[in-house]
Amino acid sequence: MADTIAIALGANLGDPAATLAAVRPLLAELVHPARCRWSPLFRTEPVGGPADQPPYCNAVLLVGPPLPHLEPHALLRQLQTLETRFGRQRLVHWGPRSLDLDLLWWGALVCDDAALQLPHPRLLERSFVLAPLAAIDAELVPPGQPSGGPALTCQALLEQLLPQLDEAPPLALPGSDDWPT
């Protein structure tokens, strides 16, 4: 974790799997393709926001080690540019979206300003993030856990979280030519 960047991908408008497949090479180009580890795609239920949203397609990209040409705020702006390019409109908080790209963490960096919070403040509460992370590396220990207790792996955090949720657990989708796993 200390030498990785994590980015969450999600969409639930249009053809979400096709959108994520289309943005995948663009993200790899931003961060360096040889350093990318991709989760499988997951079908997930919407969390929060308006009722009756379609299901999401989610994934996570782990990049490591971070490259010297990258800086967290600059990468966030590039992610937001990609969202806009794919039709993202910020009309409703936690509403449906054509593409959502969230910077989850940047190594051990802690940032809390108006533009960026690292680690992502809801990272440990979201099965649609923990399931893809656990699929990449079940033993990965994400940042942002409370101090004083043992640091849990993504898999352990997911197992703790699932019984508390109202939504169905994330469902891993089979790999495809567009999204190899």
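The values are calculated or read from the model by the stated rules, or taken from the named source; none is laboratory data. Computed from a prediction, not measured in an experiment: that's the story for all the values here. With ideal geometry, Cβ positions are generated from the backbone for all residues, glycine too; neighbour counts draw on all protein chains shown. Protein only, heavy atoms only, side chains kept; ligands, DNA and RNA dropped before computing areas. Shrake-Rupley method; radii C 1.70, N 1.55, O 1.52, S 1.80 Å.
General remarks:
- Residue match in the range 138-159 (condition: under 16 Å from the mean Cα position of the chain (by Cα) and under 16 Å from TYR56 (Cβ atoms)): no
- Summed over the range 161-178, residues that are open to solvent by 100 Å² or more (accessible area, probe 1.4 Å), over 20 Å from ALA51 (Cα atoms) and part of a loop (DSSP other than H, G, I, E, B) total 3.
- The number of residues in the range 124-152 being within 19 Å of VAL110 (Cα to Cα), out of contact with any strand residue (DSSP E or B) (no Cβ under 9 Å at 6 or more places or on another chain), assigned to a loop (DSSP other than H, G, I, E, B) and in contact (Cβ under 8 Å) with a residue 12 or more places away in the chain comes to 2.
- Taken as a whole, the structure leaves GLU125 outside the set of residues that are closer than 21 Å to PRO46 by Cα, within 15 Å of the chain's Cα centre (by Cα), among the acidic types (Asp, Glu) and open to solvent by less than 10 Å² (accessible area, probe 1.4 Å).
- LEU158, sole failed condition from (1) assigned to a helix (DSSP H, G or I); (2) open to solvent by 30 Å² or more (accessible area, probe 1.4 Å): (2)
- With respect to the conditions (1) touching a residue at least 40 places away in the same chain (Cβ under 8 Å); (2) open to solvent by 20 Å² or more (accessible area, probe 1.4 Å), ALA114 lacks only one, and its number is (1).
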